[in-house]
């Protein structure tokens, strides 16, 4: 099983790096969206500091959402997905491998970029650290939940907008506690509770989301 | 609850817009749903009759 | 009766037997709805007294709270029947789930609309980021997502099952969403702005709300029965019994 996970992970990473445009896509979107906000609301530092957690988190959320189209659709189109369903390995493991690759390509770069963008918003050092940790825990959750929506809408027309519609209500708790953790640090109340809850969501998603995605893939491929 | 007069009832102590805005919109929404259900049923029966008639004609020409 | 003649409710799990049953039951539920809502409206306007703090504007509560209750209840029922359809592979359960969604979405809209109209005189703004209103808004998105997903998939059985997975994921998430939004709202606004600060419940107010809620429930059943009958006709159009039924009606 571990070997199957590793194989899927390595394959998806290899494919992603061959089409480097996709890799950079999420990151560039993230940077552009975040950089547009000060231009829209004005350069006043205190206002930007207040907005920063929300803006950075929403931008990360949107960037992740945009990249979900790449998760299952290409494999579905060239027939690899069908082979994966027929393979002896449990589908849950294969899905987990794909989601892990998706996160490494579309989520982790955001985590690494966030401190630099946080500086644009005049966030203090400890808030930057909490921002990174919250994104580190949160972006995998976004990938996991997104996988369920991507699997449900496989091959459906208009699936781009549909995925966003399906996934946004489910992203709300992650957003609330992710952005909330940074806000709590800035206001001095401490982010432990938020981060622990995020960790709880991550565990829950790790258990439930691959299973739901696998079920959805089977339904889509019947 | 004694309102005293129609005017008092409509005015709702100054909140008439909000109270009636709520009740009337609710009524309109539910009435619209009922109308939509009736129209849906009629539409289904009409479309299916055409479908069955066409199917019958096809069978007749084939046999 | 011998064992083989014993009646089983499962006979109604076939669309063909459920269709006439739904047709017979529907007028009764519609009548019950009309009666209960009439009584509820009478209580809300002519029995319940004026509130000391909110004046007459609190009367919106007789629609807002029952509609919110129905919106959540109908989502759970939708999730239940979706799940049954997914696990037991029955068509009728999924058809009922599909029939529930629009009614649930409409009650969610009513809850949001009346919530806004209640918020304006009470707190001065049309929209309040109160935990319950915000959760209602997210619930509306969940309903719309379910309906959009089913509409986008052409194959009815795939639409049934995909909708079921989505509905079940939603059901699991609703407590999580509500909890997060509540945390977020109390953190940012404190307890002052909350739909919970309704007037202390006089017995008549609670009675009015309960009767309106029952009325809405009866209405929902009647509407869903009517809608599922149309869905059955559409989905089972290749069968002889539907051809006969339509022939008799057209």
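Read the figures in this text as sums done on the coordinates, not as results from a lab. For clarity, every value in this text was computed on a predicted model and none was experimentally measured. Here the Cβ is made from the backbone with ideal geometry for all residues, glycine too, and neighbour counts use every protein chain on show.
Against the empirical 2.2 N^0.38 Å scaling, what ratio does the C-alpha Rg of the protein assembly as shown come to?
Numbers: Rg = 26.6 Å, N = 535, 2.2 N^0.38 = 23.9 Å.
Taking the Cα Rg and dividing by 2.2 N^0.38 Å, one obtains 1.11.
Taking other Cβ within 10 Å of each residue's Cβ, how do A:64, C:37 sort, fewest first?
C:37, A:64
By count of other Cβ within 10 Å, fewest leading, how are C:120, A:98, C:24 ordered?
Details: C:120 18, A:98 24, C:24 9.
Ordered by Cβ neighbours within 10 Å, fewest first: C:24, C:120, A:98.
Report relative contact order for chain C in percent, whole number only (criteria: Cα-Cα under 8 Å, sequence separation at least 6). Walk me through the intermediate numbers first.
Working: 272 pairs, mean separation 86.0, N = 250.
The normalised contact order for chain C reaches 34 percent.
Counting other C-beta atoms within 10 Å, which of B:23, C:58, C:143 has the fewest, and how do the rest follow? It would help to have the intermediate numbers written out before the result.
On the way: B:23 19, C:58 23, C:143 26.
Ranking B:23, C:58, C:143 by Cβ neighbours within 10 Å, fewest first, gives B:23, C:58, C:143.
What spacing in nm lies between the two simple spin-label points modelled at residue B:46 and residue C:210, each 7 Å away from Cα in the Cβ direction?
4.6 nm
Tell me the relative contact order for chain A as a rounded percent, counting alpha carbon contacts under 8 Å between residues six or more apart. Let's see the in-between values first.
On the way: 265 pairs, mean separation 58.8, N = 222.
Contact order relative to length: 26 percent.
Run the numbers for residue B:36 and residue B:7: contour at 0.36 nm per residue of separation, minus the present Cα-Cα distance, in nm. Don't skip to the answer; put the middle values down first.
Values: separation 29, 0.36 × 29 = 10.44 nm, distance 3.44 nm.
Length gained, residue B:36 through residue B:7: 7.0 nm.
Gap in Å between the Cα centre of region A:100-126 and the Cα centre of region C:132-172?
Taking the Cα centre of region A:100-126 as reference, the centre of region C:132-172 is 32 Å away.
Over all alpha-carbon pairs of chain A, lay out the pair-distance distribution in 10 Å bins, whole %, shortest bin first.
Histogram of Cα-Cα distances, whole percents per bin: 8, 34, 34, 17, 6, 1.
More than 19 Å apart: what percent of Cα pairs in region C:1-72 qualify? Could the numbers behind the result be given before it?
Details: 1566 of 2556 pairs.
Taking all Cα-Cα pairs of region C:1-72, the fraction more than 19 Å apart is 61 percent.
Semi-axes, largest first, in whole Å: what does sqrt of 5 times each Cα gyration tensor eigenvalue give for region C:61-236? Don't jump to the answer; show the numbers that get you there.
Values: eigenvalues 203, 69, 32 Å².
Over the Cα atoms of region C:61-236, the semi-axes work out to 32, 19, 13 Å.
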